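What follows is one structure encoded as structure tokens, with my remarks underneath.
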Amino acid sequence: MTALPASGIPALAANTRVPATLPSPAPDSAFQGAETVREAPVADWVTLADLREDPFPIYRRLRAEAPVHWVPAVNRYMVVSYDACHTVEQDADTFSANEEGSLMKRAMGHSMLRKDDPEHRADRDSYGSTLRPGTIKNHWMEIFERNHRRYLDQLKAKGPGADFVWDYAAPYAAENLRLICGFHNATQEDLQRWSQTMIDGTGNYADDPEVWAKAAASSAEVDAAIDEMLVYLKDRPDPSLLSGLASMPIPLEAIRANLKMTIGGGLNEPRDVLATTAWALLSCPEQLEAVRSEPKLWAAAFEESVRWVAPIGMYPRQTTRETVLGGVRLPAGAKLGVVLGSANRDPKVWEDPESFNVLRAKKPHLAFGGGQHFCAGAWVGRASVAQVALPGAFAELRNLRLEPAGSAIAAGWVFRGMTSMPVAWD
Amino acid sequence: MPTITYIQPDGTAEAMTVEDGTTLMRAAVTSGVDGIVGECGGQAMCATCHVYVRPEFAGRLPQIGDDEDEMLDCTTAERTDRSRLGCQISVDAGLDGIVVDVPADQV
Ligand code: HEM
Ligand code: FES
């Protein structure tokens, strides 16, 4: 625990383990000037296993050495500084989302997330006002409250020793998303299975046929469910995405791809923010106390949590022409990984960036992306997690604690969250 | 080409001349005006381009649309009757000389 003098509230220090074999980072003054252009340094020391376990010490070393690296293990250039990630987000002409050979296109079809404007715009507009703050306030909040009640009761019924992620956060996020999408013919368990198997497809770089088979089976189930709901919702409209899409002149192929992407991108993220924030607060009682005594701070805790551990740690882009990014030359057609998880801990932007501190000075983080593809579900995430789930769970589970202590596990880097979090309460 | 002036909470003024049709958000982000973020690139989705338009220009502004209205309820700094989203206001000859105040908090 490191005490932050400004607040007097100890911040939660991140896992600061750096493998002993890593030499200390070189000073980064060499690439400060935009005039000096260099080739991307090759980070051949980065392994997928290390990234999955704890990417943050790796990001720290990468950032200290250069804003952009070629990383053979990932087969991409990794963009790790805040400035360079921000530049990519704001310049869609140079950094296209329409990546060649994208596994996401194979697993889910060609969704808005892999299109550039103006094609992207048409798809994004087709989501109408379903995910916007007005609809959240007038319609979804009540449903989030109800779902919170239901799954918190299930967690309570299971008793101490239940898992905060799998017995509460995951079904809560999945049931919310099921209704937002308009799948009245599926269960939250279906949504969880669809989401995970299709996500596994988007990351199937090893080309494992079994992974493809599961992703394809889910994809076919989603297609069938959509076909049925588009007919059903025509006569029984509601504020869901599919209901809006039922009366819109948009190709079925786009509807299918966009819904699959939304199933993959709208479930794990709120689940993971919810559990990561709870874990961070439970690991740092002084900060939890501060939030309890000032309920406005739940929103700050949410924003700090997605800054500290971005649920989407990396997303891909591809250069449309030769360019220079952060002083590093990139050829045309270069495949990039925009590492939000690293940008959000850039010491050029944040003081003591590796610590979780709900009282830190607020600055714009990149956890929701930026530019054209700025998260369409940002307000759903904020409302369902920071306004409903977090305050609700902490109010109702008296003396909530991590138990057995030290047994919670965080994992992942493209997506990062708690994979196990046993809890107890009084 | 119209001129825009941004006034920071400490009173510092930054004036700039822009192409017709540039939004208050884009002009600020392009020239690095502090306190205007524009995370969503102008889709009325992030509320980080909030500005207070000086009342003498109010009559020349476009109507507040539904998307802008609900997003103005999500700004970090207090919403007032001068509040607008910078990304929803394109500046042309009709708004030449517009003066806006940048809020103290944007996130
Ligand atoms: C709460 C935590 C969440 C985080 C941190 C998050 C993060 C992100 C990020 C980083 C992107 C941009 C990816 C890229 O540019 O490649 C994105 C896009 C998107 N997100 Fe989220 N998301 C969250 C929740 C949600 C939810 C709950 C939904 C749906 C209900 C959702 C729907 C979408 C959609 C549809 C896009 C694509 C937007 C576009 O391409 O224009 N997200 N999200
Ligand atoms: S730039 Fe996002 S709302 Fe204006």
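What to note about this one:
- Residues within segment A:181-193 that are part of a helix (DSSP H, G or I) and open to solvent by less than 10 Å² (accessible area, probe 1.4 Å), tallied: 2
- Residues that are within 14 Å of chain B (Cβ to nearest Cβ) and under 20 Å from the mean Cα position of the chain (by Cα) number at least 1 in the following helices (runs of 4 or more DSSP H) confined to segment A:100-180: A:119-125.
- Which listed residue, of B:Leu72, B:Leu95, B:Leu24, is buried (at least 17 other Cβ atoms within 10 Å of the Cβ) and away from ligand 2 (no atom under 16 Å from the Cβ): B:Leu95
- In segment A:411-424, the residues that are open to solvent by 30 Å² or more (accessible area, probe 1.4 Å) and touching a Lys or Arg at 6+ places or on another chain (Cβ under 8 Å): A:Ala411
- In the set (1) in contact (Cβ under 8 Å) with a residue 12 or more places away in the chain; (2) in a helix (DSSP H, G or I), the condition left unmet by A:Pro295 is number (2).
- Complete set of residues in segment A:360-407 that are more than 14 Å from chain B (Cβ to nearest Cβ) and touching a Ser or Thr at 6+ places or on another chain (Cβ under 8 Å): A:Val385, A:Leu390, A:Leu402, A:Ser407
- Among the criteria (1) within 14 Å of chain A (Cβ to nearest Cβ); (2) assigned to a loop (DSSP other than H, G, I, E, B), the one B:Asp10 does not fulfil is (1).
- In segment A:217-235, the qualifying residues are those that are modelled with pLDDT of 95 or more and of a type outside the set (A, V, I, L, M, F, W, C), and the one that is surrounded by the fewest Cβ atoms within 10 Å (Cβ to Cβ) is A:Asp227.
- Residue check: B:Leu72 meets all listed conditions (1) away from ligand 1 (no atom under 16 Å from the Cβ); (2) out of contact with any His (no Cβ under 9 Å at 6 or more places or on another chain) but one, namely (2).
The rows are residues; the columns are (1) more than 10 Å from every other protein chain (Cβ to nearest Cβ); (2) exposed (fewer than 12 other Cβ atoms within 10 Å of the Cβ); (3) within 16 Å of ligand 1 (Cβ to nearest atom).
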| site | (1), (2), (3) |
| --- | --- |
| B:Met16 | yes, no, no |
| B:Glu19 | yes, yes, no |
| B:Ala28 | yes, no, no |
| B:Cys40 | no, no, yes |
| B:Tyr52 | yes, no, no |
| B:Pro55 | yes, yes, no |
| B:Asp81 | yes, yes, no |
| B:Arg84 | yes, no, no |
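- Selection status of A:Arg382, closer than 24 Å to A:Arg76 by Cβ and modelled with pLDDT of 95 or more: no
- Residue in segment B:57-77 that is nearest to the other protein chains (Cβ to nearest Cβ), counting only those that are in contact (Cβ under 8 Å) with a residue 12 or more places away in the chain, more than 13 Å from the chain's Cα centre (by Cα) and farther than 21 Å from A:Asn138 by Cβ: B:Thr76
- Options B:Thr76, B:Thr80, B:Thr48, B:Thr5; residue that is closer than 27 Å to A:Ala367 by Cβ, modelled with pLDDT of 95 or more and not in a helix (DSSP H, G or I): B:Thr48
- Qualifying residue in segment A:278-288 (condition: in contact with a Lys or Arg (Cβ under 7 Å, 6 or more places away or on another chain), closer than 18 Å to A:Val385 by Cα and either within 14 Å of chain B (Cβ to nearest Cβ) or surrounded by 21 or more Cβ atoms within 10 Å (Cβ to Cβ) (or both)): yes
- Within segment A:340-367, the set of residues being touching a Pro at 6+ places or on another chain (Cβ under 8 Å) and within 24 Å of A:Asp116 (Cα to Cα) comprises A:Gly341, A:Ala367.
- Residue satisfying condition, being open to solvent by 20 Å² or more (accessible area, probe 1.4 Å) and either within 16 Å of ligand 2 (Cβ to nearest atom) or closer than 20 Å to B:Glu39 by Cα (or both), within set A:Ala408, A:Ala367, A:Ala376, A:Ala310: A:Ala376
- The set of residues from segment A:93-108 being open to solvent by 20 Å² or more (accessible area, probe 1.4 Å) and modelled with pLDDT of 95 or more comprises A:Asp93, A:Asn98.
The values are calculated or read from the model by the stated rules, or taken from the named source; none is laboratory data. Keep in mind that what you see is a predicted model, and the values were worked out from it rather than measured. Here the Cβ is made from the backbone with ideal geometry for all residues, glycine too, and neighbour counts use every protein chain on show. The protein model used for the area step is the full one, side chains on, heavy atoms only, and it has no ligands, DNA or RNA in it. Shrake-Rupley method; radii C 1.70, N 1.55, O 1.52, S 1.80 Å.
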